[in-house]
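Data first, discussion second: the structure below is written as structure tokens.
The values are calculated or read from the model by the stated rules, or taken from the named source; none is laboratory data. Bear in mind that the values here come from a model prediction, so they are computed numbers and not experimental data. All Cβ positions, even for glycine, are placed from backbone atoms using ideal geometry, and neighbour counts span all protein chains on display. What goes into the accessible areas is simple: the full protein's heavy atoms, side chains included, and nothing from ligands, DNA or RNA. Shrake-Rupley method; radii C 1.70, N 1.55, O 1.52, S 1.80 Å.
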Amino acid sequence: MRNSIAILMLACLTATAASADEAPPPWAFVVNPPGSQPAPDDGTLRRVPGSSVAFTLTQIRDLFSVPDWRPDDHPAMPEIVKHGAKPAVFACGYCHLPNGLGRPENSSLAGLPAEYIVQQVTDFRNGTRKSSELQSLPVNLMIAVSKAVSDADLKIAAEYFSALRPKPWIRVVEANAVPKTHAAGWMLVASEAGATEPIGQRIIEMPEDLERTELRDAGSGFVAYVPAGSISKGEALVTTGGAGKTTPCAICHGADLRGLGPVPALAGRSPSYIVRQLYDMRHGVRNGPWAELMKAVVAQLSEEDMVAIAAYTASRAP
């Protein structure tokens, strides 16, 4: 397992980066600084509020065994979700969590159409879905897993996550100033208590409780700070198309943005994730059957537009 991760990390670090004027927004495409290492395991059993179980850091970091703090909060996980399939298919529930709500560096899967989930993994497998950030370990891991997972296990995992009910997971707050942050664990975390900086045209999505997030507690969500006024601007783009700038999202994603048939929901999903997908499709990095339908939709969107759209969709009830 360590060798597989090391190889992928080396590939990320040695990949040729895009030129500065093409670089994706670093607050959305978060990359760990070189040489980042997790804290050593001292053998202490860790606990989280509201759970009777305990794990060591080594157990929590095992990609083939989901640290399930709240087994009564979700259906029994199938083997591929709980333990994966060694040597190359990590447990699906490790990154996406047993309740399917995911984290900013990956994707929420709860309630998505199974057909859609299968298609996305297929797109990763055949090379039509990538990331604008070549050093994105989460995406590179997903690509590696997609090439190793069997079609039967993929179907089982997709049906498990599709059957889960999404719930509020991200608190959206409009702000002019936000906590100073840095990259850690492929997401943004607070740099120092009380320190702030102007938000600019960014979304700062971070854990509500960093310690619980680092322990992979599926009961502890996230807060997303968005620019003041961005939700209303996003609402105009999402609901009307912004005077022809884009297409109203409800046409495909449903009137409440909770999905329509095989089309995924947008409401309540990670705004960092939404910006990454809009950016990737705008720059031709995310392709595939569903992405092709989005090319005209994103063609005229600026990064500020993407921020506004993501702020609004994240603020809606899932």
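Computed on alpha carbon atoms, what radius of gyration and Dmax characterise segment 217-256, expressed in Å?
Computed over the Cα atoms of segment 217-256, radius of gyration and Dmax are 13.8, 43 Å.
Note down the Stokes-Einstein diffusion coefficient of segment 184-318 in µm²/s, whole number, using a Kirkwood radius over alpha carbon pairs, 20 °C, and 1.002 mPa s. Walk me through the numbers before you get to the answer.
Numbers: Rh = 15.8 Å.
Taking Rh from Cα pairs, D becomes 136 µm²/s.
Residues with beta-carbon under 11 Å from that of A28, excluding A28: net charge, scoring Lys, Arg +1 and Asp, Glu -1? Don't skip to the end; give the middle numbers.
Details: positive: R202, R276; negative: E105, E133, E205, D280, E303.
Net local charge, A28 excluded: -3.
In a shell of Cβ-Cβ distance under 10 Å around T122, excluding T122 itself, what net charge do Lys and Arg (+1) and Asp and Glu (-1) give? Intermediate results must be reported in sequence, preceding the final value.
On the way: positive: R125, R129; negative: D123, D151.
Residues near T122 contribute 0 overall.
Run the numbers for A317 and A177: contour at 0.36 nm per residue of separation, minus the present Cα-Cα distance, in nm.
47.9 nm is the gain from fully extending A317 to A177.
Quick one: what are the phi-derived ³J(HN,Hα) couplings along segment 137-154, Karplus 6.51/-1.76/1.60 with θ = phi - 60°, whole Hz, x for glycine and proline?
4, x, 6, 5, 5, 5, 5, 5, 5, 4, 7, 9, 6, 7, 4, 5, 5, 4
Would you please give the FRET efficiency between V53 and A76, computed as 1/(1 + (r/R0)^6) with r the Cβ-Cβ distance and R0 = 25 Å, to the nearest 0.05?
Working: r = 15 Å, r/R0 = 0.62.
After rounding to 0.05, the efficiency reads 0.95.
For segment 218-296, would you read off the P(r) tail past 18 Å as a percentage of all alpha carbon pairs?
49 percent
Just add up the charged neighbours of L266: K/R +1, D/E -1, any other residue whose Cβ is under 14 Å from the Cβ of L266.
Numbers: positive: R258, R269, R276, R316; negative: E235, D256.
Result for the neighbourhood of L266: +2.
With r as the distance between the Cβ atoms of D209 and K155 and R0 = 35 Å, compute the FRET efficiency 1/(1 + (r/R0)^6) and round to 0.05.
Details: r = 35 Å, r/R0 = 0.99.
Calculated value: 0.50.
Determine which lysines satisfy two conditions relative to K130: a Cα distance under 20 Å, and not lying fewer than 8 residues away in the same chain.
K147, K295
Report Rg/Rh for segment 54-182, rounded to two decimals, where Rg is the Cα radius of gyration and Rh the Kirkwood radius.
On the way: Rg = 15.4 Å, Rh = 15.7 Å.
Rg/Rh for segment 54-182 comes to 0.99.
Show me the GluC sites (Glu not before Pro) within segment 126-201 that DSSP assigns to loop and that have at most 14 other Cβ atoms within 10 Å of their Cβ.
Numbers: sites: E133, E159, E174, E192; in loops: E133, E192.
Answer by residue number: E192.
If contacts are Cα pairs under 8 angstrom and at least 6 residues apart, what is the relative contact order of segment 39-136 in percent?
Details: 105 pairs, mean separation 14.3, N = 98.
It rounds to 15 percent for segment 39-136.
Testing the spin-label approximation: label points 7 Å from Cα along Cα→Cβ at T239 and Q201. State their distance in nm.
Between T239 and Q201, the label points sit 2.4 nm apart.
Near K180, which aspartates and glutamates are there with a Cα under 13 Å away, not counting those fewer than 8 places off in the same chain?
E192, E197, E205
Can you tell me the accessible area per residue over segment 60-106, all protein chains present, probe 1.4 angstrom, in square angstrom?
38 Å²
Report for the chain the percent antiparallel among DSSP-assigned beta bridges with both residues inside it, nearest 5.
Details: 15 of 21 bridges.
Just about 70 percent of them are antiparallel.
Determine the calculated [θ] at 222 nm for the chain from helices alone, applying -39500 (n - 2.57) to every DSSP H run no shorter than 4 residues and normalising by the residue count; nearest 500 deg cm²/dmol. Before the final figure, lay out each step's value.
Values: 14 runs with 117 residues, N = 318.
Computed mean residue ellipticity for the chain: -10000 deg cm²/dmol.
Where in segment 233-270 does the label zone of E115 land, with the point 7 angstrom along Cα→C-beta and an amide N cut-off under 15 Å?
252-254, 259-265
List the residues, sorted by chain then number, that are 5 or more residues from V172 or on another chain and whose placed amide H is less than 5 Å from its amide H.
For V172, the qualifying residues are A224.
If you build a Gaussian network model of the chain, linking Cα atoms that sit under 10 Å apart, which residue out of H253, H83, H74 swings the most?
It is H74.
Rounded, prolate or oblate: which one fits the chain, using the alpha carbon gyration tensor with axes a ≥ b ≥ c (rounded when a/c is under 1.5, else prolate when a/b beats b/c, else oblate)? Can you show the working numbers first?
Details: a/c = 1.39, a/b = 1.24, b/c = 1.12.
Verdict is rounded for the chain.
Just to check I understand the Karplus step: with θ = phi - 60° and J = 6.51 cos²θ - 1.76 cosθ + 1.60, what whole-Hz values come out for segment 288-294, glycine and proline as x?
Once rounded to whole Hz, the list reads x, x, 6, 5, 4, 5, 8.
Scan around T56 for amide H atoms under 5 Å from its own, H built in the peptide plane at 1.01 Å from N, and keep only partners 5 or more places away or cross-chain.
For T56, the qualifying residues are R46.
So how do Y225, Y312 rank on accessible area, 1.4 Å probe, biggest first, that is with the largest at the start?
Final ranking, largest accessible area leading: Y225, Y312.
Quick one: with all protein chains in place, what share of the accessible area of the chain is carbon or sulfur, to the nearest percent (1.4 Å probe)? Provide the component values of the computation, followed by the final result.
Values: 8270 of 14710 Å².
For the chain, the apolar C and S fraction of the accessible surface comes to 56 percent.
Filter the trypsin sites (Lys or Arg not before Pro) in segment 219-318 to those in DSSP coil with at most 15 other Cβ atoms within 10 Å of their Cβ, and list the result. List each step's numbers first, then the result.
Working: sites: K233, K245, R258, R269, R276, R282, R286, K295, R316; in loops: K245, R258, R269, R316.
Those satisfying the criteria are K245.
Which ³J(HN,Hα) values, rounded to whole Hz and listed in residue order, are derived for segment 263-270 from phi using the Karplus coefficients 6.51, -1.76 and 1.60 in 6.51 cos²θ - 1.76 cosθ + 1.60 with θ = phi - 60°, glycine and proline given as x?
Each residue of segment 263-270 in turn: 8, x, 6, 10, 4, x, 8, 3 Hz.
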